[in-house]
Amino acid sequence: MHPVLNISTYLFTPLPDAAALRELLLERATTAGLKGTILIAEEGINMFLAGDADAVRGFVAELKRDTRFASLDPKESWSDHQPFRKMLVKVKNEIIRMNMPAIRPSAGRAPSVSPETLRRWLEQGQDDEGRPVVTLDTRNAFEVDQGTFDHAIDWRIDKFTEFPAALREHKAELEGKTVVSFCTGGIRCEKAAILMEEEGVQNVYQLEGGILKYFELTDGAHYSGGCFVFDERRVVDTALDEAPLKP
């Protein structure tokens, strides 16, 4: 087994003390010898960390003692080297920028579908109600180019703030289908699914845990290529091992 544990995790939970949390989390992570990036905002937390397995899991366990973070569910992968150069903790306006402050997942999520259920739906070509299933990639175009679900809808956005306009332009093509939005770890499709519901799209789901959780809990069927990740590995394959970056 590779010696370095990598995790990605996020949680939408109100954090009015985000600025104060920055110093606490930076001190804890640095003391534990971890590297990576933690983003915190009033709407929640988004983390990419790597280091010794006991140290990483210990950091998460300590964080979950705060009841606001109790439901954190990290996606794990392994590497033979530390994929981050430093430890950063940043306070942002949003942990994933959409520029739509009314979209607040902590106030209520859109329905989700597990990786195992999505795999079964894709295998049978429909959901359990007999509706055709489409997957909607909410990531940026350069990420999609490294790999995506077979026949996924891709609106070729360059940044997530373009998603609302793209949805309004293409909403009609989603009618009559079960729509499963997805992204790397779940954070973008969480906001995207809420927006789609508010825009009147029916039968919308988000892929729980995103592509990385799909790789972790299934055999990766119905997905071609790798998944772009935000560290020096750049891309991981369906076995969550480092893969070459496509030109």
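The values are calculated or read from the model by the stated rules, or taken from the named source; none is laboratory data. Being a predicted model, the structure only gives us computed values, none of them experimental. No Cβ is skipped: glycine too gets one built from the backbone with ideal geometry, and neighbour counts run over all protein chains shown. Note: areas computed on protein heavy atoms with side chains; ligands, DNA, RNA excluded. Shrake-Rupley method; radii C 1.70, N 1.55, O 1.52, S 1.80 Å.
Worth pointing out:
- Residue among ARG68, ARG28, ARG22 that is touching a strand residue (DSSP E or B) at 6+ places or on another chain (Cβ under 7 Å), open to solvent by 30 Å² or more (accessible area, probe 1.4 Å), in contact (Cβ under 8 Å) with a residue 12 or more places away in the chain and of a type in the set (Lys, Arg): ARG22
- From the list ALA41, ALA50, ALA55, the one residue that fits, being more than 21 Å from the chain's Cα centre (by Cα), open to solvent by less than 30 Å² (accessible area, probe 1.4 Å) and of a type in the set (A, V, I, L, M), is ALA55.
- Selection within the range 73-93 - open to solvent by less than 60 Å² (accessible area, probe 1.4 Å) and basic (Lys, Arg): LYS75
- Scope the range 49-89; condition in a strand (DSSP E or B) and closer than 14 Å to THR30 by Cα; matching residues: LEU49, ALA50, GLY51, MET87, LEU88, VAL89
- In this structure, ASP237 does satisfy being touching a helix residue (DSSP H, G or I) at 6+ places or on another chain (Cβ under 9 Å), over 21 Å from TRP121 (Cα atoms) and among the charged types (D, E, K, R).
- Unique match (being crowded, with 18+ Cβ neighbours inside 10 Å and either touching a residue at least 40 places away in the same chain (Cβ under 8 Å) or closer than 30 Å to ILE45 by Cα (or both)) among GLU143, GLU116, GLU162: GLU143
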